[in-house]
1. Give me the number: length gained by fully extending Asp23 to Leu99, i.e. 0.36 nm times residue separation minus the C-alpha to C-alpha distance, one decimal in nm.
2. What spacing in nm lies between the two simple spin-label points modelled at Val9 and Ser74, each 7 Å away from Cα in the Cβ direction?
3. Taking Cα pairs under 8 Å and at least six residues apart, what relative contact order does the stretch 54-100 come out at, in percent?
4. Run through the DSSP bridge list for the stretch 1-131 and note the antiparallel percent, rounded to the nearest 5.
Amino acid sequence: MKRRPALPVSLYVADRSVIVVGDGPGAEERAVRLTAAGARVERIACADYLPDRLGGAFAVFAQADPQLNARVVSDGRAAGCLVYAHDLPDLSDMAMPALARRGPITIAISTDAAAPALARRLRQLCQSLLDSGGEALDALVAELERQRAALPSGARSGLYRIASRLGLCGRLEVADEPAGDPAEL
């Protein structure tokens, strides 16, 4: 499989119609991730797939065999949808990176289709790192969120001072609160 450079983005799918075509755990995992992001997900079993069911969808995720995935991609593009075909990056408009998550923090790992197994291993390492931050990391994120909400948009660059409390020495650590006047953020 050739390397396919991608533009890393976070796609907002809340309240959008998204279709997942396929059976099995891969289709289920896609549906769960999309539902967690707020999408209105419709699952279509391979045996029930018809192209006219894609009309009006924002995106289509094909999680079937390569032949059906290629057909779903073609039909999805004709319907004006963003398309993703499992294990067929050359046909897809987007990639599904390996994710490490803790609360609102998401680290996405992609190797541009060059080494998916490496992406999975890096995801495990990043997940361990996030988990090692524990409640201190959760509290820091909550404080950043609170401070951000209280500031006008032009003054938010000072939040770097709070975020700089993160340390990385084999594990994620949160240092004590920085000294100084919080109003100077």
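Please treat every number below as a calculation from the coordinates, not as lab data. Please read all numbers here as calculations on a predicted model, not as lab measurements. Every residue, glycine among them, receives a Cβ derived from its backbone with ideal geometry; neighbour counts consider all protein chains shown.
1. Result for the pair: 25.2 nm of gain on full extension.
2. 2.6 nm
3. So the answer I get is 35 percent.
4. Approximately 30 percent, going by the DSSP bridge assignments.
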